[in-house]
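Derivation of every value follows stated rules applied to the coordinates shown; laboratory data play no part. Quick caveat: nothing in here was measured; it's all calculated off a predicted structure. Please note: Cβ atoms are built from the backbone with ideal geometry, for glycine as well, and neighbour counts cover all protein chains shown.
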Amino acid sequence: YRGKSTCIPVRFVIVFMCFIGISLQYTMKVLLSVAIVAMVKSESSNTTESQLLESDIDSDDVCPVSETTASTSKQEGEFDWSEDVQGYALSAYYYGYIATQLLGGRLSDVFGAKYVLGPGVFIAGAVTVLGPVAARIHIGAFIASRVIVGAASGVVIPSTQIVFTRWTVPSELMFIGGIVMGGAPLGIVISMTLSGVIANIGGWPMIFYFFGGISIFFIIPWLFIAYDSPDIHPRISEAEQKYILSNTVNENKLNSLKSHPVPWFEILASWPMWVHVMMGVGNTWVNYTLMSDLPTYLTEVLHYNIKD
């Protein structure tokens, strides 16, 4: 097929696959935020409607409960987990996620993003599917599964940076980078929107099966479509291949750069770098806190039903 022009440039197809991979990663990141509302026995499920009305009317911590709200806000969960245990379960993903950020980029640089990004999404999906089984075995097993999901997901975004260096020309980098990273908020919206509906229809385990199953099957088109560089892609046109290779860092330049040691001391001593780190920490702290705790807050304090 090489040499023939295609309707859609190959680099855009590969970038689109990265977009899908990041979207799937984020669906698995935030699905527990909604699922845990259906998994855990809420305080309201252990009280009668009259007790709920009487106890909440004068409370400063929660909204007043009407008769209609009291009858619809009760969730019959399966697990009797304390708030502390729920916090451990919700945060477990991020411990694994942090651990593989640097590793993901390094592995992609050595083995190629094709064999890091795709398998990362696949492993995260497979372990997500096993989440309900782990939860019913023991809370420790479930927390461990979420750590593994986070670790597998942590390599996804770093590996896309390697894709950019091989497939994106400088004039398109900002545009393509914005599109690819747009997969993150899309995944959040999809997961938080559909998880409640899925739980209401098929029960909370179906949330894990649905998003985990899609992530498992993602590896099939990924392995067929994605290649680590334009010079080994069998279906790219000669014109596009020449255009990309003449405007990006080729293998010879990459090898010459690898021969130079990384200036770790200069990096760690750089104040602009630490300012950037602090900005990132503040931004992600707020975002992830909202993503993790908002569904529980809406259920326990504002008395929303999960299907809403």
Report summary line: Expected vector for the stretch 131-136, Karplus 3J(HN,Hα) from phi with 6.51, -1.76, 1.60 and θ = phi - 60°, integer Hz, x for Gly and Pro, equals x, x, 5, 4, 5, 7
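Can you give me the relative contact order of the stretch 101-215 as a percent, contacts being Cα pairs under 8 Å and 6 or more apart?
37 percent
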Query raised in the report: Roughly what would the spin-label model give for PHE79 and TYR297, points 7 Å off Cα along C-beta, in nm?
Result: 2.2 nm
Requested in this report: Pull out the extension gain between TRP285 and ILE267, defined as 0.36 nm times the separation in residues minus the alpha carbon to alpha carbon distance; nm, one decimal.
Outcome: 4.2 nm
Report summary line: With 0.36 nm assigned to each residue of separation and the Cα-Cα distance removed, PHE12 to VAL197 gains 63.3 nm
Query raised in the report: In nm, to one decimal, how far is the MET181 label point from the LEU223 one, both placed 7 Å along Cα→Cβ?
Result: 3.1 nm
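For VAL277 and ALA141 in one chain, what is 0.36 nm times their gap in residues minus the Cα-Cα distance, to one decimal in nm?
In short, 45.7 nm is gained.
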Query raised in the report: Each label point is 7 Å from the Cα along the Cα-to-Cβ direction; what then is the distance between the points at VAL169 and LYS242, in nm?
Result: 1.2 nm
**Report entry** Mean Cβ count within 10 Å, highest first, over the residues of peptides 194-205, 279-290, 81-92, 116-127
**Finding:** 116-127, 194-205, 81-92, 279-290
Query raised in the report: Rounded if a/c is under 1.5, else prolate if a/b beats b/c, else oblate: with a ≥ b ≥ c from the C-alpha gyration tensor eigenvalues square-rooted, which is the stretch 115-200?
Result: oblate
Query raised in the report: Considering amide H positions built from the backbone, and no H for Pro or chain starts, which residues 5 or more places from PHE79, or on another chain, come under 5 Å of its amide H?
Result: VAL40, LYS41
Query raised in the report: When the Karplus curve 6.51 cos²θ - 1.76 cosθ + 1.60 is applied with θ = phi - 60°, which whole-Hz ³J(HN,Hα) does each residue of the stretch 261-267 get, with x for Gly and Pro?
Result: x, 6, x, 4, 4, 4, 5
